[in-house]
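Heads up, the thing below is written out as structure tokens.
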Amino acid sequence: MITLTIDGQQIQAEEGQTILEVCRKNSIEIPTLCYHPVLEPYGACRMCTVEVIRKGGSSLQAACTHPAWDGLEIKTNSPPVTEARRVIAGLLLSRTPNVPVIQELALKYGVKEPPYPVKNPDEKCILCGQCVRVCNDMVKAHVINFANSGVERVVGPPFMEKTRECIGCGACTIVCPTGAIEIVLEQAAIYDAKPLGPTASIYVPSLQAVPRVPVIDTDTCIRFRQQDRTNGEIADACGACQMVCEAGAIDFNQKDEIVELDVGTVIVATGFEMWDPTKLSQYSYGKSPNIITGLEFERLSNAAGITGGQIVLADGRKPERVAIIHCVGSRDHNAHEYCSRICCMYSLKQAHLVKDKTGAEVYEFYMDMRAFGKGYEEFYERVQEEGVTMVRGRGAEVDVLENGKLRVKGEDANLGRLVTADVDMVVLSTAIQAPQDASKVASLFGLGRTPDGFFAEAHPKLRPVETNTDGVFLAGTAQGPKDVPDTVAHAGAAASMALALLSKGEVTISPTTAIVDDKLCSACKTCIALCPYTAISFLEDKNVAYINEALCKGCGTCVAACPAQAITARHFTEEQIIAQIEGLFRVPDFLKAEGVPA
Amino acid sequence: MAQQYRADLLVSCVHDRPPEVVTALENEIKQRGLDQEIRVVTAGCRGFCAVGPVILMQPDDIFYVNVQAADVPELVEETLVKGRVVERLTYKDPATRKFIHHYSDIPSQRKQMRVALRHCGLINPESIDEYIAVGGYEALSKAFTMKPEAIIEEIKTSGLRGRGGAGFPTGRKWESARKAEGDVKYIIANGDEGDPNCFMDRALMEGDPLAILEGMTIGAYAVGAHEGYVYLPYEYTLAVKTLKNAIQQAREYGLLGKNILGSGFEFDIQLRMGARSFVGGESTAIMHAIEGKPSEPRAKHVHTTDKGLWDRPSCLNNVKTWSIVSEIVLRGGKWFAGIGTKTSTGTQVFSLAGKINTTGLVEVPMGTTVRQLVFDVGGGLPKKRKFKAIQIGGPSGGVLPDSLLDMPMDYETLAEAGSMMGTGGVVIMDDRTCVVDIARYFLEFLTDESCGKCTTCREGVRRMLEIMTRITQGQGKLADLDTLETLARVVHSVSLCGLGKTAANPVLSTLRYFRPEYEKHIVDQYCPAGVCKKITSFQIVVDKCPGCGLCIKACPEGAITGEKKQPHVIDQTKCLRCGACFDACNLGAIITTSRAEMEKEVVA
């Protein structure tokens, strides 16, 4: 620890810091323009000038580069310091007269007007070099640097020409204190790629995320992008987050890993995915940025989203008329025949949000309003009272007009006539469907699937969370469309079923299983493919089929199929069945005595 | 046995021009069959810029100046064959106007003391044998018998201070470099002089490259470094060539590389070239340049002796400092400390330019007064013009008035007076020099040469230049002087590097010593020196004009008319304000006046 005197105040500080760092830590204000906490101090703008008294001599020094030595006396607002800052602010204001940051700074030191002739009123760059340092030292893209010297000095790419080396990361625009650098869309491909994705490369997935910690988006993170782009040659780009994280919690080497666990039960809660509305071209999804899906609307309206929760059109304007079309892909013979169950209610909620946030006119095109849950009907009424126009009838078509407006056509079944509405934004309440890879999951766990593609429960009424595989349960929309309360209830049931099984500690299995007679098995493997419970495997060493009795349900499929008749079902052997049949048809002795004919 | 010659012709000033004189000499000597007796040597700079090319004939010590190829036959015939001196080619002393035959009799030479430039012009810089013959590498062999600490102690005793300009004590620098932690340390020689009119580093690198290399090797041994760099401008093509050759020869002789002189010590030197620039000579800028980065300075709160080149301990000195080192090791620190003043020991190389008879390089003991430098060594001002001011220390040095003629020139006194030692660039000004204009000129130079990194230097110097330009054009306001002073003060105290800090010197010093001249420009719209054209008129004083016609001949525009023996008249509408008439008139009949007043009179 060292001790400094700053403005007459004794201050303890750790060794190895600069004067500026010590001042900032102790909330002593020092203006800076070329300083950035994650960049190497540069000492170019000289705004942070302070008076340093050492060994009896006093001098003006840049606080950002001067080390904080033990025993230094520092004055941050003595007359020479204020004079220097006033002169510097005046010089900068004369260079960039219309940059608000500089104007404010100059005003703070009493400079209202540029004291010297202004050469270029549009000049914004103060040559602080933050962009140069971030591009070279952090991003390691080496795209921008200084060119020329003295008053001719400028910042730019080599020979001021467009360069492919720019990765469009935007780091330079972020650090630029005066807003002198703009990213034009052409170079901002990375932002285009994820229009509704995270706004920064480090983000908390959602406010409700568990655990609620930030994650790194490796697609936009400068470090990972540079690693990918250069095949690992630049492996240490940026790292700004690591520098500022005082907890040291950032580890770039963390990787996705596959964990193998031995478990007693499995709950399949693989959820759903959104149906792709481009499959029904009449809705023109993708033809206008203002035709969005319900999920995209959620992102737009989220306070942590790209617009900070503002509901706006692609060009930033507020919408004046919004149409919400229900059952896009649901209850439709051309898509899914089932009802997705959640769309009615979220559409009503979105209508309410649009009304509340923008005051726009809202049209809901619906077939039937399925407000079946607790309090749902009341909410439906409330939304109606808020002035949302309900049009009963499927929204049939959306056209993109030349002026960018959207024309929604549909039938008002109540009035019995066709209607159109010209709106600014269309929200498609798209269906939810079983994930693409549901079949893989099904075969992994031996699950059945219903015609709608979701996993089949053991019994639709009596065993809604169990499956035909013992110990495997279903939860939530993996089983079929559900809203949040239903999902929670379903998942709770699955969890308790699983726990009931686990708490027993052992499972009771039926003694009725099939066994293979090794001597008869001809190793044709017919049975293996047929077993619905994946209970049969092949023993390579013995060259015979083997039935895991813990998995076998004794269904008998393999017994019937085995061409060598090598498999028998315990308690259901042929002899036993024939004996039973025979027994069934045998005339009891007491009847024989009475002379009943056989 | 090496070839023996009866005479050596040491030809200087022929490096950057076509080698006509040398070729003519060689041809002539060969034709006469003297080539086995007489040798022509292309030697380094002797500092006689005003009268080059010069030839020193040894062992007779005959010195010829302004030698052209056409003079060669006569020179060879008379001197080498008949043994007579060609008087018209000898040096004419500007003070006595007499011809001086022998080099050692030239007054300006006798008043000099050559330490840094001791071999320049005396040996062939391309030959290591000649360097060794005049005592080269004696110091290094002596150094190897000493402990590194003892060498540093010797340098400290000598009081040697960095000859690059800042004057940091060399011994202390070496000591902290030696004590700095780290296995790898660097020795750097700075040959990147960016001052206009300054060429002493160049003269040294071209004329005596091995002295630099020897000094660096001693320094490396003292601080414990094994790698060295010489940084110099690419534009110095000859210096690059001589240094390359010198390094090559030193390696061949085992004076660089592994096990130097059998001592077991290893050291090698590489050349690094950059574009010549003013700020590029700053030590951290050089290190950046060697690292392959733009040559811009950085803050030096942590000394480069701890964290320099590639963040490793580095000992950087000017090439002149390195050249002096071996002489100190050889002759002892006390000997060097005996020269000069108490705090500024030894000698300093100055390059004399401007209104002075003997322009060129001179080396004099520290503490020599301005008067001695200008009048004794420099031979005074041409045409006996009045001394008005002297600027010392390159473009960012201060301009000092005639009242300080008897001031001794050492680091402290110069700094106190508002100037600096700098690299030793000296510009002498007479009464035909306007100090406002000269300060403006230097600001123009500094504006061009600023690297542009820090706000105060980049923007501040340019704004000072704008104000100064306004003043020289007669558009100044008295308030400008305060603005200038504040601006200069802030640029001086806040700028990042030494060059930025001193960029305000021309303004601060001229404001300090010549404020009335500024006020004349602003209030009276009058430039006493007749330099600032926008506010100057030349006028002929009728009473003094004898009608000799000299001014009529001098005028390039034909603006002066008048009969012989009748007072002449200047046509103000034609006059360019070039001042040619003013300079031509021997009787002081032409005076400068305020242009505004003159025009008023004309109208009246």
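Points worth noting:
- Taking Cβ atoms as reference points and 11 Å as the exclusive limit, the residues near B:Q248 contribute a net charge of +1, counting Lys and Arg as +1 and Asp and Glu as -1.
- Per-pair calculated FRET efficiency, R0 = 30 Å: A:I53 and B:E485 via Cβ, rounded to 0.05: 0.80
- Long-range HN-HN contacts of B:R272 with modeled amide H, under 5 Å: B:V230, B:Y231, B:L232
- Against chain B, whose longest principal axis comes from its Cα atoms, helix B:20-31 is set at around 60 degrees.
- Other residues with beta-carbon under 13 Å from the beta-carbon of B:Q473 carry, at +1 per Lys or Arg and -1 per Asp or Glu, a net charge of +4.
- With a simple spin-label model that places each label point 7 Å from the Cα along the Cα-to-Cβ direction, the separation between A:E104 and A:Q254 comes to 3.5 nm.
- Extending 7 Å from Cα along the Cβ direction at B:Q475 and again at B:A275 yields two label points whose distance is 3.1 nm.
- At R0 = 30 Å, FRET efficiency that the Cβ-Cβ distance of B:T96 and B:L238 yields, to 0.05: 0.30
- Cα-based helix-to-principal-axis angle, B:170-179 vs chain B, degrees rounded to 10: 40
- Karplus-derived 3J(HN,Hα), 6.51/-1.76/1.60, for each residue of segment A:75-80, Hz, glycine and proline x: 10, 9, 8, 6, x, x
- Charge context of B:H102, other residues only, Cβ under 9 angstrom, K/R +1, D/E -1: -3
- Amide H contacts under 5 Å for B:T347, placed H, 5+ residues apart: B:M366
- Highest-first arrangement of A:431-438, B:83-90, where packing means the average Cβ count within 10 Å: A:431-438, B:83-90
- Computed from Cα atoms alone, the Kirkwood hydrodynamic radius reported for chain B is 26.0 Å.
- Structural size metrics of segment B:184-313, computed from C-alpha coordinates, are Rg and Dmax of 14.5, 43 Å.
- Computed from the C-alpha gyration tensor, the three semi-axes of the ellipsoid equivalent to chain A are 70, 36, 22 Å, from longest to shortest.
- Along its first, second and third principal axes, ordered by size, segment A:329-414 spans 43, 35, 22 Å in Cα coordinates.
- In range of the label at A:V213: residues from segment A:237-267 whose backbone nitrogen is under 19 Å from the point 7 Å along Cα→Cβ: A:239-259
- A:S78 paired with A:D541, simple spin-label distance in nm, labels 7 Å along Cα-to-beta-carbon: 8.8
- Placing +1 on the Cβ of every Lys and Arg and -1 on the Cβ of every Asp and Glu, with nothing else charged, gives the protein assembly as shown a dipole about its Cα centre of roughly 3960 debye.
- Taking 1.002 mPa s as the viscosity and 20 °C as the temperature, the Stokes-Einstein diffusion coefficient of segment A:523-598 based on its alpha-carbon Kirkwood radius rounds to 145 µm²/s.
- Based on Cα atoms of the protein assembly as shown, Rg over Rh with Rh as the Kirkwood radius reads 1.19.
- In the protein assembly as shown, helices alone account for a calculated mean residue ellipticity at 222 nm of -8500 deg cm²/dmol, with every DSSP H run of four or more residues adding -39,500 (n - 2.57).
- Take each residue in A:43-50, count the other chain C-beta atoms within 10 Å of its C-beta, and the mean is 5.
- Where N is the number of residues in segment B:354-434, Cα Rg divided by 2.2 N^0.38 Å: 0.97
- 5 angstrom amide H check on B:T369, placed H, neighbours 5+ away: B:M409
- In order through segment A:568-582: 3J(HN,Hα) via Karplus (6.51 cos²θ - 1.76 cosθ + 1.60), integer Hz, x for Gly, Pro: 10, 9, 4, 6, 9, 5, 4, 4, 5, 5, 5, 4, 4, 4, 4
- Using alpha-carbon coordinates, inclination of helix B:478-494 to the longest axis of chain B, degrees: 10
- Phi angles across segment B:448-465 convert, under the Karplus curve 6.51 cos²θ - 1.76 cosθ + 1.60 with θ = phi - 60°, into 3J(HN,Hα) values of 5, 8, 4, 6, x, 6, 9, 4, 4, 6, 5, 8, x, 5, 5, 5, 4, 4 Hz, Gly and Pro given as x.
- Too-long pairs where the Cα-Cα distance tops 29 Å, listed order kept, from B:K544/B:K600; B:K334/B:K355; B:K384/B:K553; B:K185/B:K241; B:K520/B:K553; B:K355/B:K520: B:K334/B:K355; B:K520/B:K553
Each value in this text was obtained by applying a stated rule to the coordinates, not by laboratory testing. The structure displayed is predicted, hence computed values, not measured ones. Glycine gets a Cβ as well: all are built from the backbone with ideal geometry, and neighbour counts include every protein chain shown.
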